[in-house]
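The values are calculated or read from the model by the stated rules, or taken from the named source; none is laboratory data. These figures come from a predicted structure and were not determined experimentally. Virtual Cβ from ideal backbone geometry, glycine too; neighbours counted across all protein chains shown.
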4 protein chains.
Amino acid sequence: MHTYRLIISCPDRTGIVAQITQFIAQHNGWIIEASQHADVGTAWFFMRYEIKADSLTLSLPALREAFLPIADEFDMQWAIHDSAVPKKVILMASRTAHCLADLLHRWQQGTLGCDIQCVISNHELLHETVSFYGIPYHHIPIDPADKTTGLRQVAEQVGEYESDAIVLARYMQIFPPDFCQQYAGKMINIHHSFLPSFMGADPYQQAHTRGVKLIGATCHYVTEALDAGPIIEQDVIRVNHQHDSEAMRDLGSDVERMVLARGLRYHLEDRVLLHGNKTVVFV
Amino acid sequence: MHTYRLIISCPDRTGIVAQITQFIAQHNGWIIEASQHADVGTAWFFMRYEIKADSLTLSLPALREAFLPIADEFDMQWAIHDSAVPKKVILMASRTAHCLADLLHRWQQGTLGCDIQCVISNHELLHETVSFYGIPYHHIPIDPADKTTGLRQVAEQVGEYESDAIVLARYMQIFPPDFCQQYAGKMINIHHSFLPSFMGADPYQQAHTRGVKLIGATCHYVTEALDAGPIIEQDVIRVNHQHDSEAMRDLGSDVERMVLARGLRYHLEDRVLLHGNKTVVFV
Amino acid sequence: MHTYRLIISCPDRTGIVAQITQFIAQHNGWIIEASQHADVGTAWFFMRYEIKADSLTLSLPALREAFLPIADEFDMQWAIHDSAVPKKVILMASRTAHCLADLLHRWQQGTLGCDIQCVISNHELLHETVSFYGIPYHHIPIDPADKTTGLRQVAEQVGEYESDAIVLARYMQIFPPDFCQQYAGKMINIHHSFLPSFMGADPYQQAHTRGVKLIGATCHYVTEALDAGPIIEQDVIRVNHQHDSEAMRDLGSDVERMVLARGLRYHLEDRVLLHGNKTVVFV
Amino acid sequence: MHTYRLIISCPDRTGIVAQITQFIAQHNGWIIEASQHADVGTAWFFMRYEIKADSLTLSLPALREAFLPIADEFDMQWAIHDSAVPKKVILMASRTAHCLADLLHRWQQGTLGCDIQCVISNHELLHETVSFYGIPYHHIPIDPADKTTGLRQVAEQVGEYESDAIVLARYMQIFPPDFCQQYAGKMINIHHSFLPSFMGADPYQQAHTRGVKLIGATCHYVTEALDAGPIIEQDVIRVNHQHDSEAMRDLGSDVERMVLARGLRYHLEDRVLLHGNKTVVFV
């Protein structure tokens, strides 16, 4: 169904919803999905409405124009997204295939509603798989002795596209702070542990050493602080003494791709609203 | 926080939310939790709003009075519940203690917001436990050779209370149709299987015979059709070849009490809306 | 690690394990994984041992020969499998890609230890995907007006390979009884519901109509009785009133491929022992 | 069923199982449950056998005596436990009731096979509940200004019993190192987070601040290092932006009592074997 998605966050007070819904009704809008959250601790308000596009008497630009006064009155951060315009996505990966292959397959099946602009990798390993799907592949090596040069090339390559999401599908390089800031709220990573447990390198080895009985994966926005950005989605799977770190890696890879696919889908459907270093996810 | 809960279901059309929220804003109501659902297949609308009680300029009776014209205009089934008025609950059980003991403990801890009016049982076995909590215990035996007499006495006993919920916490008798109809949408059962699998007697034995790898429990409203009423909540737990039906019973008992406690809490918090033989549960 | 897997089921009695382990020790075998189960109800014994291949002083044929007297003494059904010999697998699918693509990807990554001999489908739709992996694709149409002819061709095609597993990765045709009998214990199906709920056609529609709060998938051996064979593995995922049958299908597809992949892996690693219409799965 | 449980851990090598099973067969023992694990990384062997008591031709003391030479030969840490002798357990708690009440209820129902010797608490709050079950209650206050005195009294009280397990069912005091050492492998704690995330105080507040999407609980043996001992069991539950730390506490309390009950049951049934700072749990 063709919808417009009205996404709002603002300081909470009486009358916000009334004003918004009155505005929508005034233009004959049919709300088919509505989610709201009032964070009592911070007195902040969050909202996501899906409105049937063809129920409205206004065009999208006119709708945005008409909404401006309300947005100003309530100091809103807001957007109206058109569900008919697929988001543009860059995928990045290193050597590990499972997350990338999973997203490509979902995209091909039409269950991941987005345009994949390209894949960027610091290795050639996944080139053939990506080419099978007819997607451009940029191989930009990262020299361990001089990471800056390679990462600058990556930044340039990313800059040539205008993207709604940059997905680190097991891309094993750390970006400099300015890059993280530039794409804040748009760059999504999958970390192969149940954060905040086992940040940093080789979390499955860490999990094995600690002897945990569940391992997990975390989909989060990338910030300057490594593995510490706002969490979008997490999940876990049971392990036991029979699983060495290699077996955990195998089991965990299924959790990783499920969690990344879910987290990315929430992002693409405008279900994730940032709230400081946390997220409101309307599902 | 003291709130009023506005619960609505009605045929879906444009402008419902606008009218309601305008009404709330008009009376200065602060919405702190809002849930809506538009069922596209049946074109039916469902809503649950929590409004800060002390933000409103009207008393509860006046609020209900003022809302009537809107309710009429949209053919609403509706109610406004006061969170400060605990729901009145009758618990029923037979010999099995775990669900009953769990609810009594939650009630005592104050995490199950309700008044427990009494416990009705066809056995004496749980009398002492119930008395520890200071709750009246009605022992009404059911003679297998003449169930009608006992069940009529149960109906009379239930009728002496005015209850918002009758909870069958492993009460192993089947009620006649007229009793089910009288308390439709108020009588909650826990069935010890993942319905619609294993309806009827001894579901753990059925599960063992079939060799399933997960067993479950289902909290549902009671209707005339045995184990076929609207489902409120379900959950499962993993089993394997080591578990005979007795071991399944032990494992399953934990699922039963969790599922019943969750389902009942949803009911008590006015989160469950009936939709034919299904439910909308706003959590 | 290169191992021999000794798989046994037989009537239970004292001394079985002693005889077997003495036999293994006699030939210097190092047991690295051992699983046993004594089913008390049926007095049947099940065992799976993994023995380091290079610890043994005998060749595999000699080992089998030497074990025969013990097997006879205890009326064993038994086998010794060589972990270095990958099992041979035929995949079958119709139009739905997700299960097939998932297995092909795992196979390519080397995490599904088997040889895929071919894919058989009643449609052309998945041909290109299969060819990307370099696997033969047999398109055998099934004429709805004369299913017998097509299914006989399928039987002939299957018969040309010698296979350890035939995997119905969402193959939407029903095989005749003799075919089911011929490949009993070798033909694995994924059913898109939590059996025994929702057997037969369109389980997601059935689940939606019933209003369940969890949907699931079941991996089982195929028998003559539709969707009633021995269950290998099951799992579920949470749904709610927002999910129509289409959304359930999307969510469920992830459960299906996880459950099929796990179930098939158990089969390939000789972890599944049949016990009447049930399974013992050593994991 | 009356069984003897033979628990062994020792350096791994060829022939261990053969010797043990031959020994058992020699004395006519019927093995009804067998679990083994060979940890390849540390070359250590773990075993748990359940043997039908009445199948053996020896008394338990004679059996232990007869086993000694084998135990010596393989440098075993070992024990033979009699399933008919319930383990003796001390429960400790502070103000929070849910874990304690859960264990008491299971004990009363006979599903937690143990003798509860007493409850020790630094508060009077839970006295009445414990007395209902007819169990001695020792109130030993801990003066925040002088914890040493109170904790010494606790140690003396514990010392008056001979216990197989000391269960910290939300006991909110930290024991001195010598006490932890004295009861190493016997003192079981429930921590209200998914360790190693959120060690120390108020983990639900920490979880809320971090914005995780799952919260959990961990049952572990107590060691000198706070919240860092060998993990026995863990589980998680889903949360979202609607849950403040108080709501997380409510949801989490159900996970805590399930995880503690499972972990304790594993300990009581001799299913947990220590392996450095990790556990092998045979379930």
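Points to keep in mind about this one:
- Among the residues of the stretch A:1-28, those identified as within 19 Å of A:HIS81 (Cβ to Cβ), surrounded by 20 or more Cβ atoms within 10 Å (Cβ to Cβ) and either within 7 Å of another protein chain (Cβ to nearest Cβ) or at pLDDT below 90 (or both) are A:THR21, A:ILE24.
- Residue within the stretch B:213-225 that is at pLDDT below 95 and hydrophobic (A, V, I, L, M, F, W, C) present: yes
- Any hit, the stretch D:210-220, residues being in contact with a helix residue (DSSP H, G or I) (Cβ under 7 Å, 6 or more places away or on another chain) and surrounded by fewer than 16 Cβ atoms within 10 Å (Cβ to Cβ): no
- If you check A:ASP178, A:ASP202 for being farther than 16 Å from A:VAL154 by Cα and of a type in the set (Asp, Glu), only one passes: A:ASP202.
- Apart from one condition, C:LEU273 fits all of (1) over 26 Å from A:GLN108 (Cβ atoms); (2) surrounded by fewer than 24 Cβ atoms within 10 Å (Cβ to Cβ); (3) within 9 Å of chain B (Cβ to nearest Cβ); (4) more than 14 Å from the chain's Cα centre (by Cα); the exception is (4).
- Residue match in the stretch D:103-110 (condition: part of a helix (DSSP H, G or I), within 23 Å of the chain's Cα centre (by Cα) and surrounded by fewer than 16 Cβ atoms within 10 Å (Cβ to Cβ)): yes
- Within the stretch C:154-164, considering residues that are under 17 Å from C:GLN181 (Cα atoms) and free of Cβ contacts under 8 Å to residues at least 24 places away in the same chain, the one farthest from the chain's Cα centre (by Cα): C:GLU156
- Single residue of the stretch A:32-64 satisfying the filter (within 23 Å of A:GLY15 (Cβ to Cβ), assigned to a loop (DSSP other than H, G, I, E, B) and among the β-branched types (Val, Ile, Thr)) that is nearest to the other protein chains (Cβ to nearest Cβ): A:VAL40
- The number of residues in the stretch A:70-91 that are of a type in the set (D, E, K, R) and without any contact (Cβ under 8 Å) to a residue 60 or more places away in the chain comes to 2.
- If the condition is being of a type in the set (Asp, Glu) and modelled with pLDDT of 95 or more, then the stretch D:226-241 contributes D:GLU233, D:ASP235.
- Checked across the stretch D:159-175, the condition of being closer than 20 Å to D:GLN117 by Cα and within 14 Å of chain A (Cβ to nearest Cβ) holds for no residue.
Every residue, every condition in (1) over 23 Å from B:LYS52 (Cα atoms); (2) of a type outside the set (A, V, I, L, M, F, W, C), yes or no:
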position	(1), (2)
A:ILE16	no, no
A:HIS37	no, yes
A:GLY41	no, yes
A:PHE45	no, no
A:SER59	yes, yes
A:ALA71	yes, no
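- Checking the stated criteria, D:LEU63 turns out not to satisfy the condition of being surrounded by 16 or more Cβ atoms within 10 Å (Cβ to Cβ), assigned by TED's automatic domain parsing to the domain that holds D:ILE188 and touching a residue at least 24 places away in the same chain (Cβ under 8 Å).
- The combined condition, being facing another protein chain (nearest Cβ under 9 Å) and either at pLDDT 95 or above or touching a Phe, Trp or Tyr at 6+ places or on another chain (Cβ under 6 Å) (or both), is fulfilled by C:ARG210.
- For first residues located in the stretch C:96-120 and at pLDDT below 95, partners that are acidic (Asp, Glu) and surrounded by fewer than 19 Cβ atoms within 10 Å (Cβ to Cβ) and lie 6+ apart or on another chain with Cβ distances below 7 Å form the pairs C:THR111/A:ASP250.
- Selected residue (only one of D:ASN189, D:ASN240 is among the polar types (S, T, N, Q), under 20 Å from the mean Cα position of the chain (by Cα) and either away from chain A (no Cβ under 11 Å) or more than 25 Å from D:ALA79 (Cβ to Cβ) (or both)): D:ASN189
- Checked against (1) surrounded by fewer than 19 Cβ atoms within 10 Å (Cβ to Cβ); (2) over 12 Å from the mean Cα position of the chain (by Cα), B:ARG257 passes all but condition (1).
- When the stretch B:183-213 is filtered for residues that are of a type in the set (D, E, K, R) and within 30 Å of B:ASP164 (Cα to Cα), the ones remaining, listed by number, are B:LYS186, B:ASP202.
- Some residue of the stretch C:154-172 being among the polar types (S, T, N, Q), assigned to a strand (DSSP E or B) and out of contact with any helix residue (DSSP H, G or I) (no Cβ under 7 Å at 6 or more places or on another chain): no
- Screening the stretch C:69-102 for residues that are in a loop (DSSP other than H, G, I, E, B) and within 14 Å of chain A (Cβ to nearest Cβ) and picking the one that is farthest from C:GLN36 (Cα to Cα) gives C:ARG95.
- Restricting attention to the stretch B:129-153 and to residues that are free of Cβ contacts under 8 Å to residues at least 12 places away in the same chain and of a type outside the set (Val, Ile, Thr), the residue that is surrounded by the fewest Cβ atoms within 10 Å (Cβ to Cβ) turns out to be B:ALA145.
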